[in-house]
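Student: I'd like to ask some things about the structure below.
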Amino acid sequence: MERRYVRGHYEELAAEYDEHWIYGPDYVPWMSGRIADALRLGPTDRIADIGSGTGLFAREVAKQLQPRHPVLCVDPSEAMLRQLGTPPPADLTPIVASAEDIAEGRTRLPYEQLDAMWLKESVHHVADPARTLRGLADRLAPGGRLLVVMLPATIQYPLFEAALARFEELQPDPVVIEEHLRAAGLGADLSHVEHELRIEREKYLGMVRARYMSLLSTFSDSEIEKGIEEMRAAHPEPVLVFPDRFAFVLGRRGGRPA
């Protein structure tokens, strides 16, 4: 997907992004906890959320962790980062930059090295994942961890068929991402976590209409409306129940932690 088009999508969605992503009261704490557990985060770690958007998960991780160093919220969309607040919370530092900017050293970070970073559902926006992940890995301290959270190659969302087909066409394979981390010199492993979603049908249809997934920005208004009618016919139930399954691809740099 063309990156400027995606950036425009997020600029337009920024003000209502959190509304569309908070599926229920337990979703963000659940995912943030899984991220913190996978990365084995500690309060002294220097942490970055690459592709943080509005800081939805970084904010919750900071709340759970009480870090001594502010969590870096890195995102190319200034509009998304403005949702952190003005000024942002003391435990979060917004940085307007892309993953490539950090990987290539075009944007300097407040920390010389990072102990942990994650990319949640943003690696598919990267033009050259192998190169970018290598560059990000190079910014890890000894013992540093890099976690890529992504949807698997197929999903069981109650979307319309054309959207599901396009997802499978565009989505990277987590196994390939694991190979990229190994090629970057990290020990890597792949695991999965799953959370059951229960969303009122009309709310979910509204999320689709608002193009809550960047994938949906590739469809025209008329295609979205046609897809919604297809979803209504396929799912007459008032509450949609479906699994939200994620691949966790974790890389770790050898050596003693800094």
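Student: Just give me the residues in region 210-238 being surrounded by 11 or more Cβ atoms within 10 Å (Cβ to Cβ), part of a helix (DSSP H, G or I) and modelled with pLDDT of 95 or more, in sequence order.
Tutor: Glu223, Ile224, Glu225, Lys226, Gly227, Ile228, Glu229, Glu230, Met231, Arg232, Ala234
Student: Got at least one residue in region 163-177 being under 26 Å from Gly33 (Cα atoms), touching a strand residue (DSSP E or B) at 6+ places or on another chain (Cβ under 9 Å), modelled with pLDDT of 95 or more and part of a strand (DSSP E or B)?
Tutor: no
Student: Which of the residues belonging to region 93-116 are assigned to a loop (DSSP other than H, G, I, E, B) and of a type outside the set (Phe, Trp, Tyr)?
Tutor: Within region 93-116, Ala97, Ser98, Glu104, Gly105, Arg106, Thr107, Arg108, Leu109, Pro110, Glu112, Gln113 meet the criteria.
Student: Yes or no: Ala90 assigned to a loop (DSSP other than H, G, I, E, B) and either out of contact with any strand residue (DSSP E or B) (no Cβ under 7 Å at 6 or more places or on another chain) or modelled with pLDDT of 95 or more (or both)?
Tutor: Here the answer is yes, as Ala90 does meet what is asked.
Student: Also, I was wondering about something else. Of a type in the set (A, V, I, L, M, F, W, C), assigned to a helix (DSSP H, G or I) and in contact (Cβ under 8 Å) with a residue 12 or more places away in the chain: which single residue out of Leu81, Leu119 fits that description?
Tutor: Leu81
Student: Can you report the number of residues in region 60-76 which are of a type outside the set (A, V, I, L, M, F, W, C) and surrounded by 24 or more Cβ atoms within 10 Å (Cβ to Cβ)?
Tutor: 1
Student: Right, something else. Pairs, please: C-beta under 6 Å, at least 6 apart or cross-chain, first residue more than 22 Å from Glu200 (Cβ to Cβ) and in region 150-162, second surrounded by fewer than 14 Cβ atoms within 10 Å (Cβ to Cβ) and of a type outside the set (Lys, Arg)?
Tutor: From region 150-162, the pairs are Ala153/Asp173; Thr154/Glu168.
The values are calculated or read from the model by the stated rules, or taken from the named source; none is laboratory data. Everything numeric here is computed off the predicted structure, so don't read it as measured data. Every residue, glycine as well, gets a Cβ built from its backbone with ideal geometry; the counts of neighbours run over all protein chains shown.
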